Amino acid sequence: MISFESDYIAGAHEKVLQKLIETNLEPLSGYGSDKYTKSACEKIKAACACEEAEVYLLTGGTQTNALIISTMLADYEGVIAADTSHVGCHEAGAIEYTGHKVLPLPNHQGKLDAGEVEQYLKTFYADGNHEHMVFPGMVYISHPTEYGTLYSKEELMELAKVCSAYKIPLYMDGARLGYGLMSPETNVTLPDIARLVDVFYIGGTKVGALCGEAAVFTKNNVPRHFMTLVKQHGALLAKGRLLGVQFDTLFTDDLYFKISQHAINMAQRLKAILQEADCTFYLESPTNQQFVVMENEQLKEFGKEVAYSFWEKFDESHTVIRLATSWSTKEEDLESLRKILEKI
């Protein structure tokens, strides 16, 4: 059985594991006050070309989303997101559990349209009863999106302009950020994101770490007593070294970007193999997630040898599935996939 089920099927990159082993018995202070965490945060700020940024290391994506959204919003505010967003669809109501509503808008292959966001905000404040409604207090986007698509620099600029006009933060979920940054079809850099977005996170869980996400606040906008709030939410890791060592390693010698590039190279190979097999693509994705439509009976045979992610039903006889590459994808896995597709 080979697996293209997701980009976190493997543990961690060998350099990350090696560094964890090397530092294992080194006595270090806790709660993110260790030297590796401090070094990691400085390296991330440098990579973002944003020395004024404030960086906090957290353990997982859902935790990071819930923590940032809930601490940046007032009690009466909700967060605007695409109707396919991770916070709206696949986080088990984590945002609503904090007392904040997800306010869905139509997606365009996973993306929000700045014009539609602006119209939503205009309509809200033009409503004479808006004092009785949930205020839109933030705009949430994912880059890459849940469909592997990317925002252009121009699209981010438009969203940032709308958010600035209404004085609400633009928040980017970067669970797969490395794969977006290394796509040959992007014109967005990490410094661009730091300049245009109010807060975002750099995903480690899906990009070479055992666990961990780096939340980056770029506009002197960290919620007051944020570390206290992190602990109040049960999200403060006593052995903060676990995250610090990993991110310090990932941001040494461009490792984060190199392994992300590997995933993109493998995705391009994957796409070529799927094209050779005359697979039908559900949409065009320039990143590590590829979506294809398969006939249900064919999918049964395929699933005997390949682990994949169910995405959605296409029609009564076809299903959309996702195949994902990652930093850990091997050439031999792709060759095995090619042979399996030739058989079915």
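Observations on the model:
- Put simply, of A267, A209 the only residue that is within 20 Å of the chain's Cα centre (by Cα) and outside the structural domain of A94 (by TED's automatic domain parsing) is A267.
- Some residue of the stretch 146-153 being surrounded by 20 or more Cβ atoms within 10 Å (Cβ to Cβ) and under 13 Å from I68 (Cβ atoms): no
- Screening K304 on (1) out of contact with any Phe, Trp or Tyr (no Cβ under 9 Å at 6 or more places or on another chain); (2) of a type outside the set (S, T, N, Q); (3) surrounded by 14 or more Cβ atoms within 10 Å (Cβ to Cβ) shows it passes everything except condition (3).
- Restricting the stretch 307-342 to residues that are touching a helix residue (DSSP H, G or I) at 6+ places or on another chain (Cβ under 7 Å) and not hydrophobic (A, V, I, L, M, F, W, C), the residue that is nearest to Q275 (Cα to Cα): R338
- Looking only at residues in the stretch 61-82 that are within 15 Å of the chain's Cα centre (by Cα) and among the hydroxyl-bearing types (S, T, Y), the one that is surrounded by the fewest Cβ atoms within 10 Å (Cβ to Cβ) is T62.
Here's the yes/no breakdown for (1) of a type in the set (S, T, N, Q); (2) within 21 Å of the chain's Cα centre (by Cα); (3) under 23 Å from K206 (Cβ atoms):
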{"site": "Y31", "(1), (2), (3)": "no, no, no"}
{"site": "C41", "(1), (2), (3)": "no, yes, yes"}
{"site": "T59", "(1), (2), (3)": "yes, yes, yes"}
{"site": "T84", "(1), (2), (3)": "yes, yes, yes"}
{"site": "C89", "(1), (2), (3)": "no, yes, yes"}
{"site": "E96", "(1), (2), (3)": "no, yes, no"}
{"site": "G99", "(1), (2), (3)": "no, no, no"}
{"site": "F124", "(1), (2), (3)": "no, no, no"}
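- Filter result for S33 (assigned to a loop (DSSP other than H, G, I, E, B), among the hydroxyl-bearing types (S, T, Y) and assigned by TED's automatic domain parsing to the domain that holds T249): yes
- Among the residues of the stretch 157-174, those identified as closer than 21 Å to Y125 by Cβ and part of a helix (DSSP H, G or I) are E158, L159, A160, K161, V162, C163, S164, A165, Y166.
- Selected residue (criterion: surrounded by the most Cβ atoms within 10 Å (Cβ to Cβ)) from residues of the stretch 307-344 that are under 25 Å from G11 (Cα atoms) and small (G, A, S): A324
- Residues of the stretch 120-145 satisfying the condition of being surrounded by fewer than 23 Cβ atoms within 10 Å (Cβ to Cβ) and part of a loop (DSSP other than H, G, I, E, B): D127, G128, N129, M133, V134
- Residue within the stretch 274-289 that is among the acidic types (D, E) and on the phi > 0 side of the Ramachandran plot present: yes
Conditions (1) touching a Gly at 6+ places or on another chain (Cβ under 8 Å); (2) more than 24 Å from Y166 (Cα to Cα), marked per residue:
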residue: I44; (1), (2): no, yes
residue: I68; (1), (2): no, no
residue: A74; (1), (2): yes, no
residue: H100; (1), (2): yes, no
residue: A126; (1), (2): no, no
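- Taking the numbered list (1) out of contact with any strand residue (DSSP E or B) (no Cβ under 6 Å at 6 or more places or on another chain); (2) under 17 Å from T149 (Cβ atoms); (3) among the aliphatic types (A, V, I, L, M) in turn, L323 passes all entries but (1).
- Screening the stretch 46-102 for helices (runs of 4 or more DSSP H) wholly inside it with 1 or more residues that are in the same structural domain as T149 (by TED's automatic domain parsing) and in contact with an Asp or Glu (Cβ under 7 Å, 6 or more places away or on another chain) returns the ranges 61-72, 86-89.
- Test set (1) under 24 Å from F310 (Cα atoms); (2) touching a strand residue (DSSP E or B) at 6+ places or on another chain (Cβ under 6 Å) - H90 fails condition number: (2)
- Long-range neighbours under 8 Å by Cβ, at least six apart or interchain, first residue closer than 10 Å to Y171 by Cβ within the stretch 73-88, second part of a strand (DSSP E or B) and acidic (D, E): V87/D173
The values are calculated or read from the model by the stated rules, or taken from the named source; none is laboratory data. Keep in mind that this is a model prediction, so the values were computed, not measured. Here the Cβ is made from the backbone with ideal geometry for all residues, glycine too, and neighbour counts use every protein chain on show.
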